[in-house]
């Protein structure tokens, strides 16, 4: 049985193009899951909220923590650690929910912490490498290189639409 949670809302922005096709610099919200740093296109970010226990939904997949009422919109909350197969972590004061507008749907994703907003030019983004391990590269839009002074760090740029629209997620992203 597939759980279909209807959390439709008016979209606040058009779905952005894939990061590797942009000619202008794009901004990404960077966040952490464990020791890895990820990025989501800032145009999909509606807001960042502190974590609150959602209302559980019976028979929901393990990565759907439940739903919250966000100003009259029922928002499903997806735990990205579980969805991506990472080890579980204790929730603490740094744990946040990034509320995203993906197509015509509003979805919250639980992450360990939010770092900053970074601007990446198309030259700073590389395609996701083909790997034969258990990592599903369909959810990776690319790898971004962020240089601050002499320090360089890698961001795993998430294709959040593909991640959430996958049959295993039990969310259907429309629009």
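Pull up region 133-149, narrow it to residues that are modelled with pLDDT of 85 or more and more than 12 Å from residue 37 (Cβ to Cβ), then point me to the one that is surrounded by the most Cβ atoms within 10 Å (Cβ to Cβ). Here the residue is 141.
For residue 8, the stated conditions hold: it is over 15 Å from residue 110 (Cβ atoms), at pLDDT below 90 and under 18 Å from the mean Cα position of the chain (by Cα).
Of all the strands (runs of 3 or more DSSP E) wholly in region 73-164, which have at least 1 residues that are under 11 Å from the mean Cα position of the chain (by Cα), within 29 Å of residue 55 (Cα to Cα) and in contact (Cβ under 8 Å) with a residue 12 or more places away in the chain?
Those strands (runs of 3 or more DSSP E) span 73-79, 96-102, 105-111, 151-158.
Is it true that residue 67 is within 15 Å of residue 163 (Cα to Cα) and either part of a loop (DSSP other than H, G, I, E, B) or at pLDDT 85 or above (or both)? It would help to see each step written out before you state the result.
On the way: within 15 Å of residue 163 (Cα to Cα): no; either part of a loop (DSSP other than H, G, I, E, B) or at pLDDT 85 or above (or both): yes.
The answer is no for residue 67.
The values are calculated or read from the model by the stated rules, or taken from the named source; none is laboratory data. Predicted, not measured: the structure shown is a model, and the values here were computed from it. Cβ: placed from backbone, ideal geometry, glycine included. Neighbour counts: every protein chain shown.
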